[in-house]
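The values are calculated or read from the model by the stated rules, or taken from the named source; none is laboratory data. Keep in mind that this is a model prediction, so the values were computed, not measured. FYI the Cβ positions are ideal-geometry reconstructions off the backbone, even for glycines, and counts take in every protein chain you see.
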Amino acid sequence: MDGSAKRTMAKGLNKTIALVGMMGAGKTAVGKALAAKLGVPFLDSDHEIEQAADRTIAEIFERDGEAFFRRRETEVIGRLLEDERAVLSTGGGAFLSGTNRDMIAEKGIAVWLQADIEILWNRVKHKTTRPLLHTANPYETLKELAEARTPFYAQAGVTVQAEPGLSVDGMADKVIAALRDHGGILKE
């Protein structure tokens, strides 16, 4: 194993890493790579909600509304934070809830995967699974959501900026470096 690969290895986590940020920021893809590099489980709150409800997020939004979804999301995040230390990918709106921010701060560390609007748009513009973008002008909706959510995401304990062309593995390595700089999260 070369020096750079060895540097990315850790022996576990002292706290769960909760990835937060906009849809398209890479929370799931980077989260899976990060969990693999750290040798810890990967959890996805949206996936857990879909499993429990036996329907997609879009179907939950359509049938039960966003407020119902957000309540279930808080319940699921609370349960997942109680489980073993892991990398947890949260939904794009999860960190807007003060309850969720407090739970994550108490039992883990929030890592904001910050990406500019062009990166986000290029990643989500062809997806039909984003119920909040089912509008007449999805680009403007995405831009407005990003602007409104930035003050909440900025409360995360660690921020990692996405770069155009940076691979998923490269972003995971960047998160590990930021966590090392922060201290107290990774077991070395």
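For the stretch 61-77, name all the residues that are among the hydrophobic types (A, V, I, L, M, F, W, C) and within 11 Å of T99 (Cα to Cα). Please lay out each step first, then the result.
Residues of the stretch 61-77 among the hydrophobic types (A, V, I, L, M, F, W, C): 61, 67-69, 76-77.
If the condition is that a residue be among the hydrophobic types (A, V, I, L, M, F, W, C) and within 11 Å of T99 (Cα to Cα), then I77 is the only one that fits.
Among (1) within 24 Å of E62 (Cα to Cα); (2) surrounded by 15 or more Cβ atoms within 10 Å (Cβ to Cβ); (3) modelled with pLDDT of 95 or more, where does A148 come up short?
(2)
Quick test for you: out of I109, I117, pick the one residue that is surrounded by fewer than 19 Cβ atoms within 10 Å (Cβ to Cβ), in contact with a Lys or Arg (Cβ under 6 Å, 6 or more places away or on another chain) and not charged (D, E, K, R).
Sole residue among the options that is surrounded by fewer than 19 Cβ atoms within 10 Å (Cβ to Cβ), in contact with a Lys or Arg (Cβ under 6 Å, 6 or more places away or on another chain) and not charged (D, E, K, R): I117.
Return the total of residues in the stretch 172-186 being assigned to a loop (DSSP other than H, G, I, E, B) and either touching a helix residue (DSSP H, G or I) at 6+ places or on another chain (Cβ under 9 Å) or surrounded by 18 or more Cβ atoms within 10 Å (Cβ to Cβ) (or both).
So the answer is 1.
Looking at the structure I just gave you, is R63 of a type in the set (D, E, K, R) and under 25 Å from A154 (Cβ atoms)?
Criteria not met by R63.
With the condition kept exactly as written, say whether any residue in the stretch 85-94 is surrounded by fewer than 17 Cβ atoms within 10 Å (Cβ to Cβ) and touching a helix residue (DSSP H, G or I) at 6+ places or on another chain (Cβ under 7 Å).
no
Please state which of the following conditions L43 fails to meet, knowing it meets all the rest: (1) more than 22 Å from L142 (Cα to Cα); (2) in contact with a Gly (Cβ under 9 Å, 6 or more places away or on another chain); (3) surrounded by fewer than 23 Cβ atoms within 10 Å (Cβ to Cβ); (4) free of Cβ contacts under 8 Å to residues at least 60 places away in the same chain.
L43 satisfies all of (1) more than 22 Å from L142 (Cα to Cα); (2) in contact with a Gly (Cβ under 9 Å, 6 or more places away or on another chain); (3) surrounded by fewer than 23 Cβ atoms within 10 Å (Cβ to Cβ); (4) free of Cβ contacts under 8 Å to residues at least 60 places away in the same chain except (3).
Quick check on this structure: which one of L120, L113, L88, L80 is of a type outside the set (G, A, S) and farther than 23 Å from N14 by Cβ?
The unique qualifying residue is L120.
State the number of residues belonging to the stretch 19-45 that are of a type in the set (A, V, I, L, M, F, W, C), closer than 15 Å to L179 by Cα and within 10 Å of the chain's Cα centre (by Cα).
3
Going residue by residue through the stretch 29-41, is there one that turns out to be touching a Lys or Arg at 6+ places or on another chain (Cβ under 9 Å), closer than 28 Å to N14 by Cα, in a helix (DSSP H, G or I) and among the charged types (D, E, K, R)?
Looking through the stretch 29-41, none of the residues is touching a Lys or Arg at 6+ places or on another chain (Cβ under 9 Å), closer than 28 Å to N14 by Cα, in a helix (DSSP H, G or I) and among the charged types (D, E, K, R).
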